[in-house]
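**Q** This is the structure I want to talk about, given as structure tokens.
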Amino acid sequence: MIEPQRTETIVRRRYAAGAKERTDKLCCPVDYDENLLKVIPPEVIERGYGCGDPSCYLREGEVVVDLGSGTGKICFIAAQIVGPNGKVIGVDMTDEMLEVARRNAPIVAQRIGYANVEFRKGRIQDLALDLEKLDHELKKKPITDAASFLRADELAEELRVKHPLIATDSIDVVVSSCVLNLVEPRSKPQLFDEIFRVLKKGGRAVISDIVSDEVVPEELQNDPELWSGCISGALTEEGFLVAFEKAGF
Ligand SMILES: C[S@@+](CC[C@H](N)C(=O)[O-])C[C@H]1O[C@@H](n2cnc3c(N)ncnc32)[C@H](O)[C@@H]1O
């Protein structure tokens, strides 16, 4: 296995670069509804690296979270489907992706006539922790030694409880396109638990992701290029179903 921390760092670096410049190797052909793409600026579309369009399962008025929202393509499509009475929250951990998405949100809002999309910084396996709030607190109380490191851990826990990035039972539909595979193996169970936690009772998860016919061999999982390229982190279809069931679905 790649070291867990390394996996996330490699993924973040690769998508930070992909936010600045289109990376053809990360692109999959996807049939989006052309009409819904018309209001979305080209840089958002060009630097989107999804592998499917879960937004086609959304309904008017729903509250939606997009896990690993990237430049915001799925969020901006979803915004038009759920309409002004609905709401879309994109979550991503990569600053460069959030920058593109946030910069384009007012442009899309102006074109569709309402603003119902926002982007929040977090890790999708820890949807309670608002990384920007944590940053803000750590600027006031930087980590300088072991004691302050432990205090930061307590602070993160307090933020999860008092100011969650995504509250428990608050979401009608969780969507995601080509991101769940990128989460390191040891955090995958927590990822499914988090999807279950944030959904309202009767809520839905609509996930488009890569799946493998067999459990991916370890040497391929150890390849950072294949992992961050949405290949070797793939679960099997059975693995997905078991993970959802274990989380409570
Ligand atoms: C393959 S791209 C997909 C982007 C988007 N869903 C789309 O359809 O264009 C993966 C995105 O997920 C983000 N990501 C990967 N792992 C993540 C994690 N553990 N937590 C939050 N975001 C993550 C990356 O920063 C990147 O923006």
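**Q** How large is the translational diffusion coefficient of segment 1-87 in µm² per second when you combine the Kirkwood radius over alpha carbon pairs with Stokes-Einstein at 10 °C and 1.306 mPa s?
**A** So the translational diffusion coefficient is about 112 µm²/s.
**Q** Mind telling me which of 206, 117, 179 comes out most flexible in a GNM of the chain, alpha-carbon contacts under 10 Å?
**A** In this elastic network of the chain, the residue with the biggest mean-square fluctuation among 206, 117, 179 is 206.
**Q** Now for a separate question. Taking the chain as a Gaussian network, Cα atoms linked when under 10 Å apart, which of 98, 26, 191 shows the biggest mean-square fluctuation?
**A** Its mean-square fluctuation being the largest, the pick is 26.
**Q** In a Gaussian network model over the chain where Cα atoms closer than 10 Å are linked, find which of 194, 154, 118 has the largest mean-square fluctuation.
**A** In this elastic network of the chain, the residue with the biggest mean-square fluctuation among 194, 154, 118 is 154.
**Q** Same structure, new question: What are the equivalent ellipsoid semi-axes of the chain, built from the alpha-carbon gyration tensor (square roots of five times its eigenvalues), in whole angstrom, biggest first?
**A** Value: 26, 23, 19 Å, ordered largest first.
**Q** Report, in debye and to the nearest 20, how large the dipole of the chain comes out about its Cα centre when Lys and Arg carry +1 and Asp and Glu carry -1 on their Cβ.
**A** Around 980 debye, computed over the chain.
**Q** Tell me which chymotrypsin sites (Phe, Trp or Tyr not before Pro) from segment 63-138 have a DSSP coil assignment and no more than 16 other beta carbons within 10 Å of their own.
**A** 114
**Q** Oh, and also: Mind checking which aspartates and glutamates have their Cα closer than 14 Å to the Cα of residue 162? Skip sequence neighbours fewer than 8 apart in that chain.
**A** List returned: 130, 137, 154.
**Q** Quick one: grab Rg to one decimal and Dmax as a whole number for segment 195-249, Cα atoms only, in Å.
**A** 13.4, 40
**Q** Turning to a different aspect of this structure: Working with all protein chains in place, sort 65, 242 by solvent-accessible area computed with a 1.4 Å probe, largest first.
**A** 242, 65
**Q** May I pose another question? For segment 104-249, take every pair of Cα atoms, bin their distances at 10 Å starting from 0, and report each bin as a whole percent.
**A** Histogramming segment 104-249 at 10 Å steps yields 10, 30, 31, 24, 4, 0 percent.
**Q** Ordered by residue, what ³J(HN,Hα) values in Hz, to whole numbers, does segment 178-191 give under the Karplus form 6.51 cos²θ - 1.76 cosθ + 1.60, where θ = phi - 60° and Gly and Pro are x?
**A** Using θ = phi - 60°, the values come out as 6, 10, 4, 4, 7, 6, 4, x, 5, 9, 5, x, 5, 4 Hz.
**Q** Residue 196 accessible area, nearest 10 Å², 1.4 Å probe?
**A** Ignoring ligands and nucleic acids, residue 196 comes out at about 90 Å².
**Q** With each label point set 7 Å from Cα along the Cα-Cβ vector, what nm distance links residue 201 and residue 160?
**A** Placing both labels 7 Å along Cα→Cβ, they lie 2.5 nm apart.
**Q** At a 1.4 Å probe radius, which order do 92, 24 fall into by accessible area, largest first?
**A** Listed by decreasing accessible area, they come as 24, 92.
**Q** Let me ask another. Name the residue farthest towards the positive end of the dipole of the chain from the options 65, 187, 83, assuming +1 on Cβ of Lys and Arg, -1 on Cβ of Asp and Glu, about the Cα centre.
**A** Ranked along the dipole, the leading option is 83.
**Q** Moving on to the next point. Keeping the other protein chains in place, figure out the carbon and sulfur percent of the accessible area of the chain, with a 1.4 Å probe.
**A** So the carbon and sulfur contribution to the accessible surface is 53 percent.
**Q** Return the percentage of antiparallel bridges among DSSP beta bridges fully within the chain, rounded to the nearest 5 %.
**A** 5
**Q** Heavy-atom accessible area per residue, the chain, 1.4 Å probe: how many Å²?
**A** That works out to 51 Å² per residue.
The values are calculated or read from the model by the stated rules, or taken from the named source; none is laboratory data. From a predicted model like this one, the values you see are computed outputs, not experimental measurements. Neighbour counts run over all protein chains shown; Cβ positions are idealised from the backbone, glycine included. SASA here: full protein model, heavy atoms, side chains in, ligands and nucleic acids out. Shrake-Rupley method; radii C 1.70, N 1.55, O 1.52, S 1.80 Å.
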